[in-house]
Every structure is written in structure tokens, then in C-alpha cells.
Amino acid sequence: MKHDKLLKEGSRITEPYCITKGEKFRLKDHDPADTNGVKDKRAAQGLLEDGIACLSHFQEMLYAQDRWALLLIFQAMDAAGKDGVIKHVMSGVNPQGCEVHAFKSPSNEELNHDYLWRNHKCIPERGKIGIFNRSYYEEVLVVRVHPTFLRPQKLPERLVTKHIWEERYEDINTFERYLARNGVVIRKFFLHVSKEEQKKRFLERLEDSKKNWKFSMADVQERSFWKDYQEAYEEMIQQTATKYAPWYVVPADNKWFTRLVVAGAILESLNELNLSFPDVEKAKRKELAAVRASLLAEKD
Ligand code: ATP
Ligand code: MG
């Protein structure tokens, strides 16, 4: 294959960040500034460009084959770079084969249903890549950090017990196993940014008039719950990292490295599917040859 530089390097670059079993996972063992031996942005550039071209090729086969779907989930603290990763990594992908869904605070209609409802409706169809910018994982993150957010969900009182978070992990694992068994390949990315780097990025948003629009007061409020969020992320990964839906804990203090890891992980997942363009049956090939001959024979 032509563009296989990142694919060849991929597993070496992504391996330390892929969590398929949560038991021993500790967030403190992961450095947000790690670059796994890749020196700088320039060293990453060529690999990333090559990876994006390869991704485009894989996506075409995924679409043509129309069997598997790929679901990519992104979770992170504010300013960790979710939007930038999505924009850059997917830049070579045909927009017709890809859809992005951003999950914000739930609407009234959404609050009248179970929490997976709005997500399930957006699971990509076969042949497509679906991207969740935030997801049902907010239920064990923002809602866990602010348990009063459970109230508007109008759950029957007797169902809200001290086991609610454990139950949610269990529901999520079961839901993902169900999807995996039905041909949805799931890869989850936690963009792991440090508190210092977040501060730096917030200051840039405040000081650069072109970035002012990105700043939200709510983001600073959530920053004051940093420790609670880190604990919630750690437990989420411990409880929901599985072979069929692994978490990647992606160092996010260097945007160029974040993008490289995400692109590498997506390529690897698609490569494992042994995708190919579907074979055209003999009868169909005969039909195509006949049409070709008649087109060539046209007089005007
Ligand atoms: P950006 O700031 O780059 O536009 P964003 O993903 O931060 O992207 P916002 O509109 O700023 O988008 O934030 C969405 C908010 O919705 C987040 O604070 C998130 O925690 C919140 N949210 C998402 N899902 C839920 C949920 N199920 N319950 C409560 N809050 C939620
Ligand atoms: Mg925001």
C-alpha cells in the first residue's frame, strides 16, 4: 500500500496508551506531556499526513464493503483539543461516509427518555464512521461530579440508589458489547490534558481576540472541580475499558502528538478488519462488459 508509514509505526506509537483492561489503570501513571520518543511537530507532520491519506483509502473500502461501522468517542476536559483532533484527523475523509455528533446538556425531549436514547439514534450505519464529541460517558463524568444533574432526568426515586454509577458502568459495557456484536467497532479517546496546559489555553482564549468566542465561563467553573473530574475519568476507564471497546488515554499537552496517536489508533482498528473492495459477481461482470460494449458502439 502507498501510504503506510503511520500504519507501520502505528502500534509502536499508540500501544502505551491503549487500555483494554481497567483493573490496574491509574491516571497518575500517564503523563499528559508524553510524546513517546517522537521529537517534535516536524517529525510528526509527515507521519500524520501519510496517515490521513491512508485513512481516506480505508474509509472508501469500509463504505464500499458496507458491513462494519466505526464509532469514535471523544471525551476530555475543556480545551484539551477535541475539536481540533476531529477536524485534522478526519480532514481527508469523504464527508458522505462520516458524521459527527456533539452531545451537549440534554434537551427536555432527551430528558424524557433513558440516557442512551439520544446516543443510540446516532450510532453510525454500516459502512460509515461516526464521531461522538462527548457521549453517554457524560453520565459518569459531569453527572457524577454534579449528582444534582440526575434530578431533571426524572428517574423513579426507588431506582436512584448508591449503586447508580456501578449500574451505569454495567449498562454502558453491555450496550457496547451489543454494538460490537452487531458490527460496530468502538474506539474511545480520553484526551488527557494537564491542569497547567488547560490554564495556558484558557489564557490564550482570553487574550487573543480571535479566540475569545471559544471561552465560556462554565469552563472555568468546571476547572474548579478538576480533582473530582480526574477521579471520575480514572474510574470510568477502570470500569469500561474492554477488549471490544478500548480506551486510549491520549497525552494532550502537545496537540501534534494527540493527533498522531488518534490517527494511528483509527488506522490500526480499520487495518484489523482486513477491508477490501467487494468482488463483483461473474453475472454482474458480464452485465458491466455488455454495457461497456454498447457505450463504445454508440454512434453519436
Ligand atoms: P466547545 O466548548 O468546544 O464548543 P463542548 O463539547 O465543550 O465544545 P459546550 O456546549 O461548551 O460544548 O459544553 C457542553 C456541555 O454539556 C458540557 O459542559 C457537558 O458536560 C454538558 N453535557 C453533556 N452531556 C451532558 C449530560 N448528559 N448531562 C449534563 N450535562 C451534559
Ligand atoms: Mg465547552
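Here, each number is a calculation from the coordinates, and none is a lab measurement. This one's a predicted model, so the numbers in the text were calculated from it and none came from an experiment. Because the Cβ atoms are built from the backbone with ideal geometry, glycine has one as well, and the counts that use them run over all protein chains shown.
Side notes on the structure shown:
- For the range 126-203, the percent of C-alpha pairs falling in each 10 Å distance bin, counted from 0 to the bin holding the largest distance, reads 13, 36, 30, 19, 2.
- Summing Lys and Arg as +1 and Asp and Glu as -1 over all other residues whose Cβ lies under 12 Å from the Cβ of L48 gives a net charge of +2.
- For the range 174-300, pairs of C-alpha atoms spaced more than 20 angstrom apart make up 67 percent of the total.
- Value in Å of the Kirkwood radius, where the chain supplies the Cα pairs that are averaged: 21.0
- Comparing C18, C122, C54 in a Gaussian network model of the chain (Cα springs below 10 Å), the most mobile by mean-square fluctuation is C122.
- Among A64, M217, P124 the positive-end extreme of the charge dipole of the chain (Cβ point charges): A64
- Extending 7 Å from the Cα toward the beta-carbon at both K8 and A297 defines two label points whose distance is 4.9 nm.
- Charge tally in the Cβ shell below 11 Å around A232, where Lys, Arg are +1 and Asp, Glu are -1, A232 excluded: -4
- Rg followed by Dmax, in Å, when the range 1-139 is reduced to its Cα trace: 17.1, 50
- Kirkwood hydrodynamic radius (C-alpha pairs) into Stokes-Einstein, the range 71-121, 10 °C and 1.306 mPa s, D in µm²/s: 121
- Residue-span extension gain [E23 to K39] - 0.36 nm each, minus C-alpha spacing: 2.6 nm
- Whether the range 5-65 is rounded, prolate or oblate, judged on the alpha carbon gyration tensor where a/c under 1.5 counts as rounded: oblate
- Here the chain is assigned +1 on the Cβ of each Lys and Arg and -1 on the Cβ of each Asp and Glu. Its dipole about the Cα centre then comes out at about 360 debye.
- Note on K211: lysines with a C-alpha under 29 Å away, same-chain residues under 8 apart excluded, are K39, K41, K82, K87, K104, K188, K195, K199, K200, K227, K255.
- For the chain, the 222 nm mean residue ellipticity estimated from helices alone, with every DSSP H stretch of n ≥ 4 adding -39500 (n - 2.57) and the total spread over all residues, rounds to -14500 deg cm²/dmol.
- Of V145, V85, V160, the one that fluctuates the most in a GNM where the chain has Cα springs shorter than 10 Å: V160
- Highest GNM mean-square fluctuation among M90, M77, M217, for the chain modelled with Cα contacts below 10 Å: M217.
- Taking Cα atoms only, the orientation of helix 164-181 departs from the longest principal axis of the chain by about 10 degrees.
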